[in-house]
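Engineer: Here you go, one structure.
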Amino acid sequence: MLIEKDQLLPFEEAKLYGHNAIHALMAYLGALKGYTKMSQLRGDSVIMQIARDAFINESGAALIKKYSHLNDKLFTEAGFKKYAEDLLERMTNPYLEDTIERAGRDPVRKLGLNDRIFGTMALCLEQGIEPKNMALGAAAGIVFLLQRAEGNNLAKELWYDNWQKITDEQIQKILTWLWDGKQSGFIHQATKYEQAAIEKLVCILSGN
């Protein structure tokens, strides 16, 4: 059944900053841990909890604060949680045979300033919500990008064996390149969250 909506932007943002953002986040975290299929993530309680927290408590909370005035059930705690849980189930459905590489492809675009990962982080910050879980996906996405040298000479120049010791200067250089110099003051906030995320990823990979 087709349901008409007076405003499409809120639902487009729910798709981009909800579904699309979490799909990419899961793919990048999965790649970092050596998985090859999205369905494998179902058995990783750490990744699933990060994804759930990012979806419901960061993306969802921000979208609800921004659009609760619409009085649409999606932009309620119960409505968005149902939306998130349903999509988490579908994104890891083994019958879809979705691969990590396919879900994470084109990281240059997906790590864009206004795209799914950093766009969600910016939305959260605008709404007074700390995007700590989304930042984990962004950090894993940067590693995914650099390991595949998709930034041509710059990515190759910035890539080195130990990503775990990446500096603030290197993070800012990567983000400046990804965002075509359109920093708008967000780059300093993003760098802070990415450095903290890198430290957290190191702990996750070491089992701590």
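The values are calculated or read from the model by the stated rules, or taken from the named source; none is laboratory data. The structure displayed is predicted, hence computed values, not measured ones. Methodologically, a virtual Cβ is constructed for each residue, glycine included, from the backbone with ideal geometry; neighbour enumeration extends over all protein chains shown.
Engineer: Is it the case, given these coordinates, that ARG116 is under 24 Å from PHE186 (Cβ atoms), charged (D, E, K, R) and in contact with a Phe, Trp or Tyr (Cβ under 8 Å, 6 or more places away or on another chain)?
Structural biologist: Judged against the criteria, ARG116 is a match.
Engineer: Can you give me the number of residues within the stretch 41-79 that are touching a residue at least 12 places away in the same chain (Cβ under 8 Å) and either under 17 Å from the mean Cα position of the chain (by Cα) or within 25 Å of CYS203 (Cβ to Cβ) (or both)?
Structural biologist: Of the residues in that region, 20 qualify.
Engineer: What tally of residues in the stretch 52-77 results from selecting those that are assigned to a helix (DSSP H, G or I) and either among the β-branched types (Val, Ile, Thr) or closer than 16 Å to PRO131 by Cα (or both)?
Structural biologist: The qualifying residues number 15.
Engineer: Of all residues in the stretch 28-51 being part of a helix (DSSP H, G or I) and in contact with an Asp or Glu (Cβ under 8 Å, 6 or more places away or on another chain), which is farthest from ILE129 (Cα to Cα)?
Structural biologist: The qualifying residue farthest from ILE129 (Cα to Cα) is SER39.
Engineer: For the structure I just gave you, tell me whether GLN164 is in contact with a helix residue (DSSP H, G or I) (Cβ under 6 Å, 6 or more places away or on another chain) and either part of a helix (DSSP H, G or I) or modelled with pLDDT of 85 or more (or both).
Structural biologist: Yes: the conditions hold for GLN164.
Engineer: A further question follows. Collect the residues in the stretch 93-131 that are within 19 Å of ILE50 (Cα to Cα) and of a type in the set (A, V, I, L, M, F, W, C), keeping them in residue-number order.
Structural biologist: Selection gives ILE100, ALA103, LEU111, ILE117, PHE118, MET121, ALA122, LEU123, CYS124, LEU125, ILE129.
Engineer: In the stretch 66-93, what count of residues is obtained for those that are in contact with an Asp or Glu (Cβ under 9 Å, 6 or more places away or on another chain) and modelled with pLDDT of 95 or more?
Structural biologist: Result for the stretch 66-93: 5.
Engineer: For LYS65, state whether it is under 16 Å from GLY141 (Cα atoms) and surrounded by fewer than 24 Cβ atoms within 10 Å (Cβ to Cβ).
Structural biologist: On the way: under 16 Å from GLY141 (Cα atoms): no; surrounded by fewer than 24 Cβ atoms within 10 Å (Cβ to Cβ): yes.
Spelling it out, it is not the case that LYS65 is under 16 Å from GLY141 (Cα atoms) and surrounded by fewer than 24 Cβ atoms within 10 Å (Cβ to Cβ).
Engineer: Right, something else. What number goes with the only condition from (1) surrounded by 14 or more Cβ atoms within 10 Å (Cβ to Cβ); (2) at pLDDT below 80; (3) on the phi < 0 side of the Ramachandran plot that ALA149 does not pass?
Structural biologist: (3)
Engineer: With respect to GLY112, determine if the residue is surrounded by fewer than 20 Cβ atoms within 10 Å (Cβ to Cβ), outside any helix (DSSP H, G or I) and within 13 Å of the chain's Cα centre (by Cα).
Structural biologist: Yes.
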